[in-house]
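Have a look at the structure below before the remarks.
What follows draws every value from the coordinates through simple rules; no lab data is involved. Predicted model, so just to flag it, every value in this text is computed and none were measured. Here the Cβ positions follow ideal geometry from the backbone for every residue, glycine too, while neighbour counts run over all protein chains shown.
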Amino acid sequence: AGNDIARMRAALAGYHDALNLWPDSLLAARGLERLAEQLKDRDALITANRALARLVDSSPRRAGHFVRAAQLTAEEPGLLGVAIDLYEQALLEDPDCDAAVLALARGLATEPVRLVDRLGTALERARKSTQIVLLGMEIGKAVLRHFDAGGTSPDPSVGTAAIRRALAVAPEDAAALMLSAKLYSAQRLYSEARDAWQRVVAAARHFEIRV
């Protein structure tokens with residue numbers, strides 16, 4: 001077993017050297033990833049996934065490798081900022097990457113301007129209805145949380161616009177309707193807030209009837 005581990009580590013070093021010499025080698029990146037998984041070598045796994053995020057042939061797959069690299073990087077003390085950068089790259093690659101949205105919502109909770117900017121860019125490009133709702137909700141929650149804490153930017157209207165986008169694809173989503181009501185109230189648009197609450201009640205009744 002010891003000899004097998006030694007051979008695997010030698011092979012891993014060989015793939016690592018090959019990737020340094022030929023950064024566009026998918027074979028080297030795949031080999032490094034496979035052996036790093038078997039050896040549980042986190043640094044090598046990060047290197048492999050960052051390389052694969054450049055080399056694989058579809059946006060969702062590239063985003064997946066950025067997310068994996070970010071998850072591993074976040075486990076290292078003091079590297080949360082680097083991990084957040086990787087999650088942002090994942091969302092740029094694939095605006096429908098829900099894992100990146102959830103990670104950014106947690107990691108940038110104290111930076112609402114940056115969070116809303118990154119999620120807003122993704123919302124403009126997202127295609128899946130579930131992702132549009134997720135993005136709209138996270139933007140709305142970030143804006144409202146910041147407003148309730150006394151912040152002035154982003155303005156609540158930014159959150160309202162994001163929630164409207166979510167409600168356009170999921171008009172009976174109770175959570176989105178409730179959040180829209182709170183955002184309207186924050187802007188002192190009480191008539192709109194009342195209408196939103198009425199829609200919440202109507203959606204709840206519709207759900208009860210269906211059940």
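How large is ³J(HN,Hα), in whole Hz, for each residue of segment 35-40 in order, when computed from phi with the Karplus curve 6.51 cos²θ - 1.76 cosθ + 1.60 and θ = phi - 60°, using x for Gly and Pro?
Per-residue couplings from phi come out as 6, 5, 4, 5, 8, 6 Hz.
With only alpha-carbon pairs counted, each pair once and no self-pairs, how large is the Kirkwood hydrodynamic radius of segment 1-75 in angstroms? Don't skip to the end; give the middle numbers.
Values: mean 1/r = 0.0811 Å⁻¹.
Mean inverse Cα-Cα distance, inverted, gives 12.3 Å.
Placing +1 at every Lys and Arg Cβ and -1 at every Asp and Glu Cβ, with all other atoms neutral, what dipole size does segment 60-132 have around its Cα centre, in debye to the nearest 20? Intermediate values should be presented prior to the final figure.
On the way: 9 positive and 11 negative charges, 48 e Å.
Around 220 debye, computed over segment 60-132.
State to the nearest 20 debye the size of the charge dipole of segment 50-99 about its Cα centre, where the only charges are +1 on K and R beta carbons and -1 on D and E beta carbons.
Using only the charged Cβ atoms, the result is roughly 220 debye.
What dipole magnitude, in Debye to the nearest 20, does the chain give about its Cα centre under +1 on Lys/Arg Cβ and -1 on Asp/Glu Cβ?
Values: 27 positive and 27 negative charges, 88 e Å.
The dipole magnitude comes to about 420 debye.
Just want the answer: with Cβ charges of +1 for Lys and Arg and -1 for Asp and Glu, which residue in ALA105, THR47, PRO23 is farthest toward the dipole's positive end in the chain?
ALA105
Which value does Rg/Rh take for the chain over its C-alpha atoms, Rh per Kirkwood?
Values: Rg = 21.9 Å, Rh = 19.2 Å.
For the chain, the value is 1.14.
Applying the Karplus parametrisation 6.51 cos²θ - 1.76 cosθ + 1.60 with θ = phi - 60° to the phi angles of segment 20-33, what ³J(HN,Hα) value in whole Hz is obtained for each residue in order, glycine and proline being reported as x?
With coefficients 6.51, -1.76 and 1.60, one gets 5, 6, 10, x, 9, 7, 5, 4, 5, 5, 5, x, 5, 5 Hz.
Would you compute the Debye intensity of segment 137-181 from its alpha-carbon atoms alone, equal scatterers and no solvent, and pass along log10 I(q)/I(0) at q = 0.18, 0.23, 0.26 Å⁻¹ to two decimals?
For the requested q values the scattering log ratios are -0.45, -0.68, -0.83.
Explain nothing, just compute: Karplus ³J(HN,Hα) = 6.51 cos²θ - 1.76 cosθ + 1.60, θ = phi - 60°, for every residue of segment 114-128 in order, whole Hz, x for Gly and Pro.
5, 4, 5, 5, 5, 6, x, 4, 5, 4, 5, 10, 4, 10, 6
Where does the chain land at 222 nm, in deg cm²/dmol rounded to the nearest 500, when only DSSP H runs of n ≥ 4 count, each adding -39500 (n - 2.57), divided by all residues?
Taking each H run of at least 4 residues, the total per residue is -26500 deg cm²/dmol.
Once Lys and Arg get +1 and Asp and Glu get -1 on their Cβ, which of GLN131, SER180, ALA166 lies farthest toward the positive end of the dipole of segment 88-211?
SER180
Quick one: which of 47-60, 137-150 comes out on top by average Cβ neighbours within 10 Å, and what's the full order, highest first? Provide the component values of the computation, followed by the final result.
Values: 47-60: 18.0, 137-150: 20.0.
Ranking the peptides 47-60, 137-150 by packing returns 137-150, 47-60.
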